[in-house]
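Here is the structure we will look at, set down as structure tokens.
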Amino acid sequence: MAPDAAFDWSNESLESVYTLANIVPQVPDVNQHAWVRVEEHARKEAVIHGVVTVINLVKYGNQPKVIGKNSIAVADGFYKIIYNQEDKYSECFYYKNEYNTTYNLTDHAINCETIRP
């Protein structure tokens, strides 16, 4: 779930995001619109703070839906955690993996304390 825009400083780093290890099925509304906005937000926060740590988490149900001949599991949703410990900055977002999701960043903001393994 690492975006290519965050790894475009070299061809080697850019190629590292184009592997099957970096792929999780997302519905088009999330992938092409909503998730892109939170990725852009993370890059802006990196400029503001000098550096941020970004953690993407994938949430699966107990019996996830599977797709394709290889039965790839489809996630229920996705978390993005953005933080800079030195600045005491953190923001967390959750996106359900569903159609007709809102693209507004603040609609997906959640309390970071609510994220549990």
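The values are calculated or read from the model by the stated rules, or taken from the named source; none is laboratory data. Since the structure is predicted, the reported quantities are computational estimates derived from the model, not experimental observations. Every residue, glycine as well, gets a Cβ built from its backbone with ideal geometry; the counts of neighbours run over all protein chains shown.
Quick notes on this structure:
- The number of residues in segment 72-111 that are in a helix (DSSP H, G or I) and over 12 Å from the mean Cα position of the chain (by Cα) comes to 3.
- The residues in segment 1-37 that are modelled with pLDDT of 90 or more, in contact with a helix residue (DSSP H, G or I) (Cβ under 7 Å, 6 or more places away or on another chain) and assigned to a loop (DSSP other than H, G, I, E, B) can be counted, and the count is 1.
- With respect to the conditions (1) without any contact (Cβ under 8 Å) to a residue 24 or more places away in the chain; (2) closer than 20 Å to residue 115 by Cα, residue 56 lacks only one, and its number is (1).
- Some residue of segment 101-117 being under 18 Å from residue 22 (Cβ atoms), aromatic (Phe, Trp, Tyr), out of contact with any Cys (no Cβ under 7 Å at 6 or more places or on another chain) and surrounded by 13 or more Cβ atoms within 10 Å (Cβ to Cβ): no
- Filtered residue count, segment 47-68, keeping only those that are touching a strand residue (DSSP E or B) at 6+ places or on another chain (Cβ under 8 Å) and outside any loop (DSSP other than H, G, I, E, B): 9
- Candidates 27, 17, 74, filtered to the one that is surrounded by 13 or more Cβ atoms within 10 Å (Cβ to Cβ), touching a residue at least 60 places away in the same chain (Cβ under 8 Å), of a type outside the set (Asp, Glu) and farther than 20 Å from residue 106 by Cβ: 27
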